[in-house]
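Novice: The structure that follows is given in the form of structure tokens.
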Amino acid sequence: MFRDLSPLAELAPEICGDFDLRIDRAGVWHYRGTPIGRPALVKLFARVLRREADGSYWLVTPVERGRVTVDDAPFVAVDVAFAQTQAGPRVLFTTNLDESVAAGPAHAIRTAPQSDGSIVPYVHVRAGLEARVDRAAFYRLIDGATVEGGRLGVRSDGVFFDLGAAEAEIGA
């Protein structure tokens, strides 16, 4: 008998438990404690990575589903660029897995305060998955920021993303 395997989102694959995969704070994927050295394999895994409403991360294929440990965010934004479009300014991020994201209504930038008073920025990549903006990219982001109403931020695709008070200490 034929079984329709589409769409993937409606599948209920068997839960296999923990896959012993971990994504560290630097965005490096580890299997059983060893970094995965094949970028193509990491990109393949990243395509089937999902985040549940409870904050847990899972690799989901049509036949199995397993939990993945993520130390901070599954991706790292390693570059940021500014462009001027007909609609106005646009901020473009590139992740450590060569994905490009334009900040805007569907790809928000948020900041998380740290215990030392600094902030760490994140950009939404897709389906609840975020990229932590690394230090070098964050400095480029701040370099392109403006002050609006006493708040430091960037405007992209019609949205102003608040990065904090203009005099706040910044650090990723």
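The values are calculated or read from the model by the stated rules, or taken from the named source; none is laboratory data. Remember, it's a predicted structure, so these values are computed and weren't measured experimentally. All Cβ positions, glycine included, derive from the backbone under ideal geometry; neighbour counts span all protein chains shown. With ligands, DNA and RNA removed, areas are computed over all heavy atoms of the protein, side chains included. Shrake-Rupley method; radii C 1.70, N 1.55, O 1.52, S 1.80 Å.
Novice: Within region 138-168, take every residue that is part of a loop (DSSP other than H, G, I, E, B) and among the charged types (D, E, K, R) and give me the one that is nearest to Phe93 (Cα to Cα).
Specialist: Asp157
Novice: Quick one: count up the residues across region 41-66 that are open to solvent by 70 Å² or more (accessible area, probe 1.4 Å) and in a helix (DSSP H, G or I).
Specialist: Count: 3.
Novice: Any idea which of (1) touching a residue at least 12 places away in the same chain (Cβ under 8 Å); (2) open to solvent by less than 40 Å² (accessible area, probe 1.4 Å) is the one Arg155 doesn't satisfy?
Specialist: Every listed condition holds for Arg155 apart from (2).
Novice: Let me ask another. Counting only residues that are in a loop (DSSP other than H, G, I, E, B), open to solvent by 30 Å² or more (accessible area, probe 1.4 Å) and among the polar types (S, T, N, Q), which one in region 108-133 is nearest to Val76 (Cα to Cα)?
Specialist: This residue is Gln114.
Novice: Only residues that are more than 20 Å from Arg47 (Cα to Cα) and open to solvent by 10 Å² or more (accessible area, probe 1.4 Å): list them for region 93-107, please.
Specialist: The one that is more than 20 Å from Arg47 (Cα to Cα) and open to solvent by 10 Å² or more (accessible area, probe 1.4 Å): Pro105.
Novice: If Ala73 satisfies every condition in (1) hydrophobic (A, V, I, L, M, F, W, C); (2) without any contact (Cβ under 8 Å) to a residue 60 or more places away in the chain; (3) open to solvent by 40 Å² or more (accessible area, probe 1.4 Å) but one, which is the exception?
Specialist: With respect to (1) hydrophobic (A, V, I, L, M, F, W, C); (2) without any contact (Cβ under 8 Å) to a residue 60 or more places away in the chain; (3) open to solvent by 40 Å² or more (accessible area, probe 1.4 Å), Ala73 is out only on (3).
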